[in-house]
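Take a look at the structure set out below.
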Amino acid sequence: MAADRILVTGGAGYIGSHTCKALSQAGYQPVVYDDLSNGHEGAVLWGPLVQGDVRDAERLTKAMSDNRIVGVIHFAGLIEVGRSMHRPDLYWDHNVNGVAAVLSAMRHTGVGRLIFSSTAAVYGTPSTSGLLQETDPLNPINPYGDSKLAGERMIAAHCAAFGLESVALRYFNASGADAEGQIGEAHNPETHLIPLAIEAALAGGRPLTVFGDDFATSDGFCVRDYIHVADLARAHVLALGLDRIDRGFEAMNLGRGVGASVVEVIKAVGAACGRPPVYEVGPRRAGDPPVLVADPSRAAARLGWRPEFDDLQTIIATAVAWRRNRRFGASILPNAA
Ligand SMILES: NC(=O)c1ccc[n+]([C@@H]2O[C@H](COP(=O)([O-])OP(=O)(O)OC[C@H]3O[C@@H](n4cnc5c(N)ncnc54)[C@H](O)[C@@H]3O)[C@@H](O)[C@H]2O)c1
């Protein structure tokens, strides 16, 4: 019997490529749809690549029917919170029109299930420093979060009206790399803390800038929930296989439920690299909440999902191994020589 084919938009990117590997290992056939604007052809290892823009509903429709697609995982979009403050136009365009085009193509081809990349940014600045639950208020504080929440709402409305089924997975901080070293994080420019800290430790140059040390946290630095990318990938496979989706649309947090501050991450990177990254403290960035940590119990209950990479040091070790032997992606430091 032929494997079920899944269209993976953004499958040449960081989380998308790890999900293609997990899909392939679970017996699915991933078909990547990506414009390679921030992805790598070298990361497309488990199925064909259709090059195209995710806002192009006609091209998506053709890709779905040509490849006899039975489900879609939608990663493609713009991801930098800071840039979204300066170029909200781009974020509303790619992230919202992208979802609209995916939904339109699914309706035209009769593809019934969509797994959507959402984010902790939909919560905005939580009113407590407790674990975030899916039922907590949704109040994004930057255009990136706004565009993702709009995507969720558009999908939920389509599920109710047209009988589609969807799970929105709200990732906290994706981190680490494939444990076998085939793929890893290679953004350009890179804005995520762990790869920047690794680069600062291994390549030196100018110090890493961290944004603010006067947050209301125990050491004054922002606290985030770092979740290994392979654990995220596995959750997508489980969501695709979910028997019944409650009222057609469910949202689930994906995090470890454990926070680490920026300085704790920098220390852990120093330990993994054998050399501490040099850093300096800059002003706070607009749109940065002090603490974002998931309550992942809904994903545990609904998907039977639990993170296998359960400590920060192991997660960082996979990222360091990737940086030492990466197979694609050039040096990406915005703030080092
Ligand atoms: N990385 C994280 O920590 C994180 C956290 C929460 C949510 N997310 C979401 O997960 C998804 C994937 O994130 P990532 O870190 O793998 O990003 P990424 O940039 O590595 O991957 C995104 C992919 O989408 C492609 N793409 C972008 N715009 C496109 C367009 N208009 N048409 C076709 N392809 C396009 C890029 O080429 C890239 O390959 C994104 O939707 C992001 O918002 C990521």
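At a glance:
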{"item": "Peptides ranked, highest mean first, by Cβ atoms within 10 Å: ranges 217-228, 50-61", "result": "217-228, 50-61"}
{"item": "Kyte-Doolittle at least 0.0, axis length at least 24 Å by Cα - qualifying DSSP helices, the chain", "result": "143-162"}
{"item": "Surface accessible to a 1.4 Å probe, per residue, for the residues of the range 1-141, Å²", "result": "42 Å²"}
{"item": "Within a Gaussian network of the chain (alpha carbon springs, distance under 10 Å), most fluctuating of 195, 296, 283", "result": "283"}
{"item": "11 Å beta-carbon shell around residue 115, net charge (K/R +1, D/E -1)", "result": "-1"}
{"item": "Relative contact order, percent, the range 1-93 [alpha-carbon distance under 8 Å, six or more residues apart]", "result": "33 percent"}
{"item": "Relative packing of peptides 64-74, 151-161 - highest average C-beta neighbours within 10 Å first", "result": "64-74, 151-161"}
{"item": "Accessible-area composition of the range 277-320, carbon plus sulfur, in percent [1.4 Å probe]", "result": "53 percent"}
{"item": "C-alpha center-to-center spacing [the range 273-316, the range 37-85] in angstrom", "result": "26 Å"}
{"item": "Gaussian network model of the chain, springs between alpha carbon atoms under 10 Å - residue of 21, 148, 267 with greatest fluctuation", "result": "267"}
{"item": "Carbon/sulfur fraction of accessible area - the range 1-81, other protein chains in place, 1.4 Å, %", "result": "47 percent"}
{"item": "The range 111-124 - phi-based ³J(HN,Hα) in whole Hz, Karplus 6.51/-1.76/1.60, Gly and Pro as x", "result": "7, x, 10, 10, 9, 10, 6, 10, 8, 4, 5, 5, 7, x"}
{"item": "For residue 174, residues with placed amide H under 5 Å, excluding near neighbours", "result": "227"}
{"item": "Straight-distance crosslink candidates among lysines, where the alpha carbon sits under 26 Å from residue 148 and sequence neighbours closer than 8 are dropped", "result": "21, 62"}
{"item": "Summed side-chain charge close to residue 258 - residues other than residue 258 whose Cβ falls under 15 Å, Lys, Arg +1, Asp, Glu -1", "result": "-4"}
{"item": "Interchain or long-range residues, amide H under 5 Å from residue 5's placed H", "result": "29, 70"}
{"item": "FRET efficiency estimate (nearest 0.05) - Cβ-Cβ, residue 244 to residue 216, R0 45 angstrom", "result": "0.65"}
{"item": "Gaussian network model of the chain, springs between alpha carbon atoms under 10 Å - residue of 211, 75, 249 with greatest fluctuation", "result": "211"}
{"item": "Accessible surface, 1.4 Å probe, highest first, among residues 92, 305", "result": "92, 305"}
{"item": "For residue 80, solvent-accessible area (1.4 Å; no DNA, RNA or ligand), Å²", "result": "40 Å²"}
{"item": "Where 127, 37 fall by accessible area, highest first, once all protein chains stay in place (1.4 Å)", "result": "127, 37"}
{"item": "Neighbourhood net charge (11 Å Cβ-Cβ; Lys/Arg +1, Asp/Glu -1) for residue 93", "result": "0"}
{"item": "Taking the chain and dividing mean pair separation by its residue count, relative contact order in percent (alpha carbons under 8 Å, at least six apart)", "result": "20 percent"}
{"item": "Calculated [θ] (222 nm, deg cm²/dmol) that DSSP helices of n ≥ 4 give over the chain, each run adding -39,500 (n - 2.57)", "result": "-10500 deg cm²/dmol"}
{"item": "Normalised contact order of the range 235-303, rounded percent, pairs of Cα under 8 Å and 6 or more residues apart", "result": "53 percent"}
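The values are calculated or read from the model by the stated rules, or taken from the named source; none is laboratory data. The model shown is predicted, which means the values in this text are computed figures rather than measured ones. Please note: Cβ atoms are built from the backbone with ideal geometry, for glycine as well, and neighbour counts cover all protein chains shown. The protein model used for the area step is the full one, side chains on, heavy atoms only, and it has no ligands, DNA or RNA in it. Shrake-Rupley method; radii C 1.70, N 1.55, O 1.52, S 1.80 Å.
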